[in-house]
1. For residue 3, are the conditions met, namely being at pLDDT below 90, loosely packed, with under 12 Cβ neighbours inside 10 Å and assigned to a loop (DSSP other than H, G, I, E, B)?
2. For the subset of the stretch 62-71 comprising residues that are part of a loop (DSSP other than H, G, I, E, B) and out of contact with any helix residue (DSSP H, G or I) (no Cβ under 7 Å at 6 or more places or on another chain), which member is farthest from residue 105 (Cα to Cα)?
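The values are calculated or read from the model by the stated rules, or taken from the named source; none is laboratory data. Not measured: the values here are computed from a predicted model. Neighbour counts run over all protein chains shown; Cβ positions are idealised from the backbone, glycine included.
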Amino acid sequence: MTKKFCKNMGFTLIELMIVVAIIGILAAIAIPNFMRYQLKSKTTEAKENLGGIKTGQETFYGDRDYYADIKAAPTDAPPGTIKQSWVKVDAATDCGKAPPCAASFENINFRPSGDVYYIYE
């Protein structure tokens, strides 16, 4: 039994160019959607954390008749494109009724549920 070899085996240049064009079109559609999804997730994190800080500040204000002046930025590094761990700030001082108070996020009972993209101050 002999094998027959066919000259037409493989893909033509046109077929390969069509496949590359299809992949390019799919990538052009997928990449902006992926970027939009990433931005939306980061924005959602900021909205949720700011809502938690607002709730904590309102509770603090209800107890003491002034808002906590939180100066610490509890992250290790400046904000960027990667998530950073939330570092617990020392000095959760007992803020009395007098407004000058070096408060921390622990004073308003705020702690994010995981790592963060932004610095909250």
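1. So residue 3 passes the test.
2. Residue satisfying both the conditions and the ranking: 65.
Matching residues to (1) at pLDDT 80 or above; (2) assigned to a loop (DSSP other than H, G, I, E, B):
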{"position": "45", "(1), (2)": "yes, no"}
{"position": "57", "(1), (2)": "yes, no"}
{"position": "60", "(1), (2)": "yes, no"}
{"position": "73", "(1), (2)": "no, yes"}
{"position": "110", "(1), (2)": "yes, yes"}
{"position": "120", "(1), (2)": "no, yes"}
